[in-house]
Each structure stands twice: as structure tokens, then as C-alpha cells.
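Quick notes on the structure that follows.
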Amino acid sequence: MVNYRTEFYNEIRGDEQRLRLGEGCPNGCEYCYASPELISYDIPEIKRNKVSIMDMNFLYDPKHKERIKKLGNMKVNGKVVYYELICGIDWRRLDQETANLLKENRFINIRFAWDFTINLQYKIKDCYNMLLKAGYSKKNISCFMLCDWKISYNECLLKLDLLKDWNICVNDCWFDNVKPPNYQCNYWSLIECKVFRAKCALHNQVVKFKLYPDLKRAKRLFRLLDEMKSQTKLYTI
């Protein structure tokens, strides 16, 4: 496997600053290129009031709590700074103190990752509850879910049902960049990929608005489900 290594990153894009403060992840997931080697970079001068942090696993650094506090104390032009972790929080490394610190120090749009099986539902719910207890609202929490990997389409449907019950939007992430129009499926069928993408879009509408403001998406899902049903009949005849 090729190791993921991008080195220190600090770029200004308009009113946003993008940083990479660390490399590595200890989990060794077979679908991920991140090296288990931990490399931490010094926090550079913060020049914008909105900062995106690109680390693959921000909580891997054993000094992440001190870093969160340091970032939270920074100001630009006399105004506080808001931070966003672009990659999902590793639920294995989240505790209540860390969740509280993230909220207190203005880390917004929190995402956590649920890439593995439905058996982790209790651990994932604990992670979600810690974020709620820290003061995050449901609308500011979402979940990354890896699709078209070794977790089956049907099992991911079960996970999607739970996320809907918990009022959490899903960020569907596709293994090896499966996306239209040039689908290159890995573990799921093409129709499963298309249906699940459509279901995720409708799921997020229901979570956000409690209705379907874009019925065109629903009609497209109906067509895809009919196609799936038709293909199933072909295989079973």
C-alpha cells in the first residue's frame, strides 16, 4: 500500500485559511493510505477568522487538547476564529473532555466517521451523545459513511436508518472515488451505488427539512428502485 504523505500545508483562499497540522493515523484501516507514523507541525500564524484543518486524524496527536485550547485563544483583527475539521472525528479517540473543548473553542460543523459495521452502533451513539452533551446541536453534526467497500449495501442501509432516527445528516464517501458519470464499482453493483447515493440525498432532506423539498430526487429514486427490482428478477429467473 502506498503511504499517504502530503507534508505541512498552509494556504489562504479568500476569507478562509487551510492548514494541515499533522500526519498519520494509528488505525491501519485497509482502505486508507495514511501512515501510522505521527508527524506534528507547529501551528502557523492564523490570518483568517475561518480556518479549515485538513488532518486525516486530528485527535491522533496526544497533545490535541492543548492544541485545541491554543487555537481557541487566537484572534484575527480582534475577532475570534472558527475552525472546521474537514475529516471525520475518530470516535475511538473522542472523550467528553475533548468534545467539550471542541465546542468551547469554536470548532464547527462536526463530523464523525462510521466506516465499519452496524455492530458499532453503541460506540457511534456514545460519540454522538458526547457531542450533544458538549452543546452541539443536531444540525451541526454529520456522519461520514464509506460506501462501495466491504460493508455491504444492505448493512449500510441499516446504518442510514439509524442516522435518520438520530437526526444526523450523512456524508456518503465512495471507496476509490466512485462517482458519476464514470462509475468504477468495487464491492457493490452499479445499481446499488446509484440507489444509495439517491437515498443519502433524500435522507439529508428529511433530516434538515422534515419533508422532501425536491421531489425530483424522490422520483429519480423511484426509477432507480424499479431498475433494481427489474435486475433482481433477471438474476432469479
Hits in segment 51-70 (condition: among the basic types (Lys, Arg) and either surrounded by 18 or more Cβ atoms within 10 Å (Cβ to Cβ) or farther than 14 Å from Leu19 by Cβ (or both)): Lys63, Lys65, Arg67, Lys69
Filter pass, Lys123 being closer than 23 Å to Gln205 by Cα, touching a helix residue (DSSP H, G or I) at 6+ places or on another chain (Cβ under 7 Å), part of a helix (DSSP H, G or I) and among the basic types (Lys, Arg): no
In segment 71-91, the residues that are surrounded by 13 or more Cβ atoms within 10 Å (Cβ to Cβ) and not hydrophobic (A, V, I, L, M, F, W, C): Gly72, Tyr82, Tyr83, Glu84, Gly88, Asp90
Residue check for Leu101: closer than 21 Å to Arg13 by Cα, outside any strand (DSSP E or B), free of Cβ contacts under 8 Å to residues at least 40 places away in the same chain and of a type in the set (A, V, I, L, M): no
Members of segment 205-220 that are modelled with pLDDT of 90 or more, over 20 Å from the mean Cα position of the chain (by Cα) and part of a helix (DSSP H, G or I): Phe209
Failed condition for Asn129, given (1) free of Cβ contacts under 8 Å to residues at least 24 places away in the same chain; (2) closer than 23 Å to Lys63 by Cα; (3) not acidic (Asp, Glu): (2)
Answer residue from segment 188-204, given it is more than 10 Å from Leu221 (Cα to Cα), more than 17 Å from the chain's Cα centre (by Cα) and not hydrophobic (A, V, I, L, M, F, W, C) and is surrounded by the fewest Cβ atoms within 10 Å (Cβ to Cβ) among those: Ser189
Among (1) touching a residue at least 40 places away in the same chain (Cβ under 8 Å); (2) part of a strand (DSSP E or B) - the single one Phe112 does not satisfy: (1)
Top-ranked residue of segment 133-161 - restricted to ones that are outside any loop (DSSP other than H, G, I, E, B) and over 15 Å from the mean Cα position of the chain (by Cα), ranked as surrounded by the most Cβ atoms within 10 Å (Cβ to Cβ): Ala134
Residue check, Gln96 among the polar types (S, T, N, Q) and over 30 Å from Val195 (Cα atoms): yes
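The values are calculated or read from the model by the stated rules, or taken from the named source; none is laboratory data. On a predicted model such as this, the values are computed, not experimentally measured, just so you know. Ideal geometry is used to build each Cβ from the backbone, glycine not excepted, and the neighbour counts take in all protein chains shown.
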